[in-house]
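The values are calculated or read from the model by the stated rules, or taken from the named source; none is laboratory data. Keep in mind it's a predicted model, so treat the numbers as computed, not measured. Note: ideal-geometry Cβ built from the backbone for every residue, glycine included; neighbour counts use all protein chains shown. Ligands, DNA and RNA are excluded from the accessible area calculation, which covers all protein heavy atoms including side chains. Shrake-Rupley method; radii C 1.70, N 1.55, O 1.52, S 1.80 Å.
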Amino acid sequence: QVQLVESGGGSVQPGGSLRLSCAASGMIFSINVMGWYRQAPGKQRELVATFSNAGSTNYADSVKGRFTISRDNAKRTVYLQMNTLKPEDTAVYYCNAEIRRLFSPHYDDYWGQGTQVTVSS
């Protein structure tokens, strides 16, 4: 099977930084888009940033200039560097990837278990 395992969440004061990591493992043939989403209490899950296999990135307006997504294809890992964190960034952050498994003709959507990020003084 395929798994996405996240790490790097935690608590930080406003203005601080955190780095999230998400590693894909299992019987993987190829990975298309990898990205991060977040869900705050009482709100819908929203896109934070994505990184395509072709190297293009996409960010939510609310995080542009503060967050940076990167990707290591050899390690099948995507990162999210979060700087100048604000209380409104508090949420559970989920890794997402479009993965084609071995012997599968198509890509499927996979999600990590989520990691809590809390920004508070």
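Descriptive notes on the structure:
- Test for residue 78: is it touching a Gly at 6+ places or on another chain (Cβ under 9 Å), closer than 21 Å to residue 1 by Cα and without any contact (Cβ under 8 Å) to a residue 60 or more places away in the chain: yes
- Qualifying residue in region 83-93 (condition: free of Cβ contacts under 8 Å to residues at least 40 places away in the same chain, part of a loop (DSSP other than H, G, I, E, B) and either touching a helix residue (DSSP H, G or I) at 6+ places or on another chain (Cβ under 6 Å) or within 25 Å of residue 13 (Cα to Cα) (or both)): no
Here is a yes/no grid of residues against (1) in a loop (DSSP other than H, G, I, E, B); (2) over 15 Å from residue 8 (Cα atoms); (3) among the acidic types (Asp, Glu):
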residue	(1), (2), (3)
37	no, no, no
47	no, yes, no
55	yes, yes, no
58	no, yes, no
70	no, no, no
95	no, no, no
106	yes, yes, no
109	no, yes, yes
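- Test result for residue 32, touching a strand residue (DSSP E or B) at 6+ places or on another chain (Cβ under 7 Å), in a loop (DSSP other than H, G, I, E, B), open to solvent by 40 Å² or more (accessible area, probe 1.4 Å) and over 17 Å from residue 93 (Cβ atoms): no
- Tabulated pairs, region 28-53, first touching a residue at least 40 places away in the same chain (Cβ under 8 Å), second of a type outside the set (A, V, I, L, M, F, W, C) and outside any strand (DSSP E or B), C-beta under 6 angstrom, 6+ apart or interchain: 32/53; 32/107; 33/52; 37/45; 39/45
- Every listed requirement among (1) touching a Gly at 6+ places or on another chain (Cβ under 6 Å); (2) under 26 Å from residue 120 (Cα atoms) is met by residue 88 save one, (1).
- Unmet criterion (only one of (1) within 16 Å of residue 118 (Cα to Cα); (2) outside any loop (DSSP other than H, G, I, E, B); (3) of a type outside the set (A, V, I, L, M, F, W, C)) for residue 16: (2)
- Breaking point among (1) part of a strand (DSSP E or B); (2) under 18 Å from residue 17 (Cβ atoms); (3) not charged (D, E, K, R), for residue 62: (1)
- First in region 96-119 and at negative phi and buried (at least 19 other Cβ atoms within 10 Å of the Cβ), second anywhere and part of a loop (DSSP other than H, G, I, E, B) and hydrophobic (A, V, I, L, M, F, W, C), Cβ under 9 Å, 6 or more apart: 117/85; 119/85
- Counting the residues of region 20-29 that are open to solvent by 20 Å² or more (accessible area, probe 1.4 Å) and assigned to a strand (DSSP E or B) gives 5.
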